[in-house]
Every structure is written in structure tokens, then in C-alpha cells.
Amino acid sequence: MTSELAKHQIALLYLKLVLTALFSGFILIGGRMIANGIPPYSAMLIRFFIASVLMLLIMLKRNELANFFKLTRKQCLTMLALSVSGVIAYNWFMLMGLKTVPAARAGIIFGLFPLCTWLAAWLILKERLSRYAMLGSLVCLGGVFLALSQGSSEFLK
């Protein structure tokens, strides 16, 4: 029975990973659609507001809102820094970029995120990374180069 449960959990995990990839792609397409319609700052604030309301509702449903108020001052400052850099700045730069870059090209650039995360974890956090992380980063970089070159070796010259 435990084996069946583990298989079910692994299948659910892969489903979530696929859905994450799909939603990430939809963000670029939707961002491109609205980037020329409203200012990026306004679009970013609307996205941030909607996400905040949804997260609040999820926390209320799971009875986790009390945990939010247990954060220390240092944790609150860290969360604020992460919000400004990781949410607000990310969305603003993405929407500004989508005003000039097609969504498909932006998707290629997004392919570099795992490599950037790996490098940041290694340089900043001094994390020791596995062979699988290195292999995954090489596959990621190879995929970006393949997409940018459109399969032509002329790109490398």
C-alpha cells in the first residue's frame, strides 16, 4: 500500500511541475498581451494585488493566517526585501521587456532561470550542488542555445 501511495505522490508532483511550466508560459503570453495596453507598473500592481488576495484566501482556508503574525522583525524585513526584489522588480522588468520582445523569445530567456538559480545558490549561499544540478544546468543552457540558434550552427560563428 505504501508503494502505491508513493507512486501517487510522485505522479501528483510531476503533474504540479507540468502545470507550473504551463502557467509560466501563460504569464509570458498574457504579459505580452497587456504590456502594450497598460503601463507595466499598473499591470504589475494589479497582478500583485490579485496574487495577494488569493494568498490571503488560501491562508484563511488552511487556518495559517496566525502563522503570518508570528514572524519576527528580521523575517518581516526579509519578506519585504524578497517581495520588492523577487515579485515587484521581477514583474516590472518582465512587463517592460515584453513591450519589446515577443513572448516566444522571452520564453527562451526564461530557460536560463534554472542556471541562474544554480549559480546564485553556489556563489551566494555556498551550496554544494549535485551532479544532477550541474547536468540539469548544462541541459538548460543547451536548450537555450538550441532555441536561439534555431538549430543552425551559424549562430555560433
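Here are a few things to note about the model shown:
- Residues that are in contact with a Pro (Cβ under 6 Å, 6 or more places away or on another chain), at pLDDT below 85 and open to solvent by less than 80 Å² (accessible area, probe 1.4 Å) occur in the stretch 137-157; there is at least one.
- Any hit, the stretch 127-136, residues being modelled with pLDDT of 75 or more, loosely packed, with under 12 Cβ neighbours inside 10 Å and outside any helix (DSSP H, G or I): yes
Residues checked against (1) under 17 Å from the mean Cα position of the chain (by Cα); (2) within 19 Å of residue 86 (Cα to Cα); (3) small (Gly, Ala, Ser):
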{"site": "24", "(1), (2), (3)": "yes, yes, yes"}
{"site": "34", "(1), (2), (3)": "no, no, no"}
{"site": "40", "(1), (2), (3)": "no, yes, no"}
{"site": "48", "(1), (2), (3)": "yes, yes, no"}
{"site": "56", "(1), (2), (3)": "no, yes, no"}
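- Taking the stretch 18-41 as the range and being within 23 Å of residue 112 (Cβ to Cβ), open to solvent by 70 Å² or more (accessible area, probe 1.4 Å), in contact with a helix residue (DSSP H, G or I) (Cβ under 8 Å, 6 or more places away or on another chain) and not β-branched (Val, Ile, Thr) as the test, only 32 passes.
- Pairing residues of the stretch 105-123 that are touching a residue at least 24 places away in the same chain (Cβ under 8 Å) with residues that are of a type in the set (Gly, Ala, Ser), at Cβ distances under 6 Å and at least 6 apart in sequence or on separate chains, gives 108/147; 111/143; 115/137.
- The stretch 111-126, subset modelled with pLDDT under 85 and outside any helix (DSSP H, G or I), residue most open to solvent (accessible area, probe 1.4 Å): 112
- Screening the candidates 61, 126, 70 for the property of being at positive phi and among the basic types (Lys, Arg) yields one hit, 126.
- Number of residues in the stretch 2-31 that are closer than 23 Å to residue 102 by Cα and either not in a helix (DSSP H, G or I) or not aliphatic (A, V, I, L, M) (or both) equals 7.
- Check on residue 54, of a type outside the set (Lys, Arg), over 30 Å from residue 101 (Cα atoms) and at pLDDT 80 or above: no
- Tally of residues being at pLDDT below 80 and of a type outside the set (A, V, I, L, M) across the stretch 4-22: 0
- Any hit, the stretch 86-98, residues being among the small types (Gly, Ala, Ser), open to solvent by 40 Å² or more (accessible area, probe 1.4 Å), within 22 Å of residue 48 (Cβ to Cβ) and in a helix (DSSP H, G or I): yes
The values are calculated or read from the model by the stated rules, or taken from the named source; none is laboratory data. Since the model is a prediction, treat every value here as computed from it, not as a measurement. When we count neighbours, we look across all protein chains shown, and the Cβ atoms used for this are built from the backbone with ideal geometry, even at glycine. Note: areas computed on protein heavy atoms with side chains; ligands, DNA, RNA excluded. Shrake-Rupley method; radii C 1.70, N 1.55, O 1.52, S 1.80 Å.
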